[in-house]
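First the structure, in the form of structure tokens, and then the observations on it.
The values are calculated or read from the model by the stated rules, or taken from the named source; none is laboratory data. If you're wondering where the values come from, they're calculated on a predicted model, not measured in any experiment. Neighbour counts are summed over all protein chains in view; Cβ atoms, including those assigned to glycine, are modelled from backbone coordinates with ideal geometry. Each accessible area value is taken on the protein alone, full model and side chains, heavy atoms only, with ligands, DNA and RNA left out. Shrake-Rupley method; radii C 1.70, N 1.55, O 1.52, S 1.80 Å.
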Amino acid sequence: FFLSQPNRLAFFIYGRKMKKFKHILWDWNGTLFDDVVLCSDIMNNILKRRGMGKITLEKYKNVFDFPVRNYYEAVGFTNLTDELFHELSVEFIQEYESRKLTFGLSEGAVEILEKINNQGIEQSVLSAYSQKTLEEIVKHFRISKYFIGLAGLDNIYAASKVENGKNWMKKLKLSRGEALMVGDTLHDKEVADEIGAESVLLSTGHQSKERLLQSGVPVI
């Protein structure tokens, strides 16, 4: 996992062969926060309560997607009405919130945040996590000092970060190519493309390395 070797990510940020970025946009879930096993386990609990078959961690990483509605359909909820989707979303987030603090930051996360901070490069979090809970958990792990801001969503449905990302880039007054998005899903690459940022993806998050390699951007 590259966060245990910060010099590998540092190459993408301020290495001799790459321009120096003005800003790093971090994804939260699966990138800075190591919650992949938690999310897979919660989904299996949801499936078990409905008499549906469990999924392996490997399958989880092969089907997890944004918007998460597509992911629910991929694990077996083929007739997903709006009412059922809301029910599943509430069920998921309730268990997630009750268990999240039994999990921690990704290995080396604080180390790389500190390293980037020492280089004078600003950082922020752009996440599909709800704004209030994002603020609470970042504060809990005592890493707020590394970010000039946190940009989460205003709901629990984790649909897309694109519009939020565009607004965040405008607020930060960043031009195309001045920011680097660090994430763990193809959606993070899509977001980066839409908002004018470059991107690098981690293969230890919510999607498999094989899927991420389809993105055409560096995968670590």
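List of remarks:
- Restricting attention to the stretch 163-218, the residues that are among the β-branched types (Val, Ile, Thr), in a strand (DSSP E or B) and closer than 20 Å to Cys39 by Cβ add up to 1.
- Only one of the numbered conditions (1) closer than 26 Å to Leu101 by Cβ; (2) open to solvent by 40 Å² or more (accessible area, probe 1.4 Å) is violated by Ser127, and that is (2).
- Any chance Asp27 is surrounded by 20 or more Cβ atoms within 10 Å (Cβ to Cβ), under 25 Å from Lys161 (Cβ atoms), modelled with pLDDT of 95 or more and in contact with a Gly (Cβ under 8 Å, 6 or more places away or on another chain): yes
- When the stretch 36-64 is filtered for residues that are over 24 Å from Asp184 (Cα atoms), hydrophobic (A, V, I, L, M, F, W, C) and in contact with a helix residue (DSSP H, G or I) (Cβ under 9 Å, 6 or more places away or on another chain), only Met52 remains.
- Residue in the stretch 34-42 that is of a type in the set (S, T, N, Q) and at pLDDT 95 or above present: yes
- Residue list for the stretch 30-50, restricted to those being out of contact with any Ser or Thr (no Cβ under 8 Å at 6 or more places or on another chain), open to solvent by less than 70 Å² (accessible area, probe 1.4 Å) and not in a helix (DSSP H, G or I): Asp35
- Here is the figure for the stretch 196-207: residues that are more than 11 Å from the chain's Cα centre (by Cα) and free of Cβ contacts under 8 Å to residues at least 60 places away in the same chain total 3.
- Cβ-Cβ under 8 Å pairs, at least 6 apart or on other chains, the stretch 54-75 side under 16 Å from Glu91 (Cβ atoms), far side of a type in the set (Phe, Trp, Tyr) and open to solvent by less than 40 Å² (accessible area, probe 1.4 Å): Arg69/Phe85; Tyr71/Phe64; Tyr72/Phe85
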